[in-house]
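What follows is calculated from the coordinates using simple rules that are stated; it is not laboratory data. All values derive from a computational prediction rather than experimental measurement. Positions of Cβ are generated from backbone atoms using ideal geometry, with glycine treated the same way; all protein chains shown enter the neighbour counts.
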């Protein structure tokens, strides 16, 4: 700790010293009062037990008052000089990006609302990550880009769930090409991988891919190629499959191969703890951390001065009460 105005205690100390000299030593400013009464043969008076007891009490009162004055002066010096402490904080920021990737093809109509609800649970289980949402069928469309504004993320996910529940096709506009192609999981995955910005930064990246893996039409990328592309970009893919997908061993196996190749896992929506397990898996990723410039904080420490002043006031009050009694 240090004093912000270090010169002030010297000035105040000099003033106090001058005052003490004037008080304790004969000076032109301090002379014997003209109305003082001179008493002869006071030695007999001083030997009286009652006088001696009163004198000792008086000396104690004066000592306590002197101590009180010193406390008040010391506390005032500390408070006026502003005793401060300096703390240096080196904040660390979690650099982890999560892209929620939702299949909005026709075969997913009855599942999408619940999937977005699970996305919301996953988002609530994270802390500090940037989160984005992309929907796709034949073409991928960004609903909202990566952001660490969690209030905005939750609001957007709630609105998305409401629109999907109301079969609001304006929400999925732009994801259809006007032909028979749809639910192109491989192209959707590649598009979601490309939604990650800051490619030159060391960041943990993950995709939560929700689909029934039931592609219609010819995609640009095959599913193994999309998995290789995600693995090449160090993106971990976590899958959320639909209950109906479990009746298609080929769809399940293909989806499982994608998540295995990237180090993720596959869960079926509606299973107990599926969202929590995905959130935990994302939290277990080694998050790249960057250090921001050190921040120096100067904090006032009024405790010492306030304690001395308080003690001085208490002593003054106690000695005053004692004298009246």
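Extending 7 Å from the Cα toward the beta-carbon at both residue 166 and residue 260 defines two label points whose distance is 4.3 nm.
On full extension, the segment bounded by residue 18 and residue 124 gains 31.5 nm, given 0.36 nm per residue less the C-alpha separation. Label positions at residue 253 and residue 201, each projected 7 Å from the Cα along the C-beta direction, are separated by 4.1 nm.
Remark: the residue 66-residue 277 segment gains 69.0 nm on full extension, using 0.36 nm per residue and subtracting the alpha carbon distance. Compactness of the stretch 92-291 is given as radius of gyration and Dmax, 15.4, 49 Å, from Cα positions.
Given axes a ≥ b ≥ c from the Cα gyration tensor, I'd like to know whether the stretch 105-198 is rounded (a/c under 1.5), prolate (a/b larger than b/c) or oblate. Taking the square roots of the gyration eigenvalues as a ≥ b ≥ c, the stretch 105-198 is oblate.
Each of 314, 39 was scored by other Cβ atoms within 10 Å of its Cβ. Arranged with the fewest first, they read 39, 314. Of all DSSP bridge pairs formed entirely within the stretch 92-291, close to 30 percent run antiparallel. According to the Kirkwood relation over distinct C-alpha pairs, the hydrodynamic radius of the stretch 101-159 is 11.9 Å. Shown here is the pair-distance distribution of the stretch 187-265: with all Cα-Cα distances grouped in 5 Å bins from zero up to the longest one, the shares run 3, 16, 28, 25, 16, 7, 3, 1, 0 percent. Could you calculate the FRET efficiency of residue 194 with residue 310 from 1/(1 + (r/R0)^6), where r is the beta carbon distance between them and R0 is 41 Å, rounded to 0.05? About 0.05, to the nearest 0.05. Fewest neighbouring Cβ atoms within 10 Å first, the residues 100, 223, 299 line up as 299, 223, 100. Approximating the spin labels as points 7 Å out from Cα along Cα→Cβ, the residue 76-to-residue 142 distance works out to 6.4 nm.
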